[in-house]
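Everything below concerns the one structure shown next.
The values are calculated or read from the model by the stated rules, or taken from the named source; none is laboratory data. In this text, all values refer to a predicted model and were calculated from it rather than measured experimentally. Because the Cβ atoms are built from the backbone with ideal geometry, glycine has one as well, and the counts that use them run over all protein chains shown.
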Amino acid sequence: MKYILMMNTTKGPYQHDSWPTKAWEAHLAYWRTLNAQLEASGELVSVEALTAPDEAKRVHADEDGKPITDGVFPESKEFLAGYWIIDVANAERAYAIAAQASAAPGPGGQPLNMPLEVRKVMQRAT
């Protein structure tokens, strides 16, 4: 079963500007290790980090189907920072991976315990 694990975060920590270099490096090393473990187990389908929210645009089509953009939305409190698509045996395994991701270290090495949204990816009807 495929699941998407979505990491939402507030704009401030998303930028990581105030983190000491060693803390940022430890944070990235944690992600690399987790992703390598998921890849080795065959559970990782895709992982992507997203650019800062100030680069986001909302798009819709006009009457002629041409794109109209709107944004940025500074009043938003949370932003999608990145996501994993995983293929696992059951929801419990998806939750366990989300908990691992949630525990990525922040400044001082303490786990951030960030909330992740876990949703099952709909399967195509055959």
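Filtering region 42-64 down to residues that are of a type in the set (Gly, Ala, Ser) and under 14 Å from the mean Cα position of the chain (by Cα), which residue is modelled with the highest pLDDT? Result: 46.
Looking at 89, 94, 81, 99, which is the one that is touching a residue at least 60 places away in the same chain (Cβ under 8 Å), within 26 Å of residue 35 (Cα to Cα), part of a helix (DSSP H, G or I) and not β-branched (Val, Ile, Thr)?
94
Consider residue 109 against the criteria (1) of a type in the set (Gly, Ala, Ser); (2) at pLDDT 90 or above; (3) closer than 29 Å to residue 122 by Cα: it satisfies all of them except one. Which criterion is unmet? Failing condition for residue 109: (3).
For residue 60, the requirement of being farther than 27 Å from residue 124 by Cα and either exposed (fewer than 12 other Cβ atoms within 10 Å of the Cβ) or not β-branched (Val, Ile, Thr) (or both) is not met.
Counting the residues of region 82-95 that are over 16 Å from residue 122 (Cβ atoms) and surrounded by 12 or more Cβ atoms within 10 Å (Cβ to Cβ) gives 4. Residue 51 falls short on exactly one of the conditions (1) out of contact with any Phe, Trp or Tyr (no Cβ under 8 Å at 6 or more places or on another chain); (2) touching a residue at least 12 places away in the same chain (Cβ under 8 Å), and that condition is (2).
Of everything listed in (1) modelled with pLDDT of 90 or more; (2) under 16 Å from the mean Cα position of the chain (by Cα); (3) part of a loop (DSSP other than H, G, I, E, B), the single unmet condition for residue 5 is (3).
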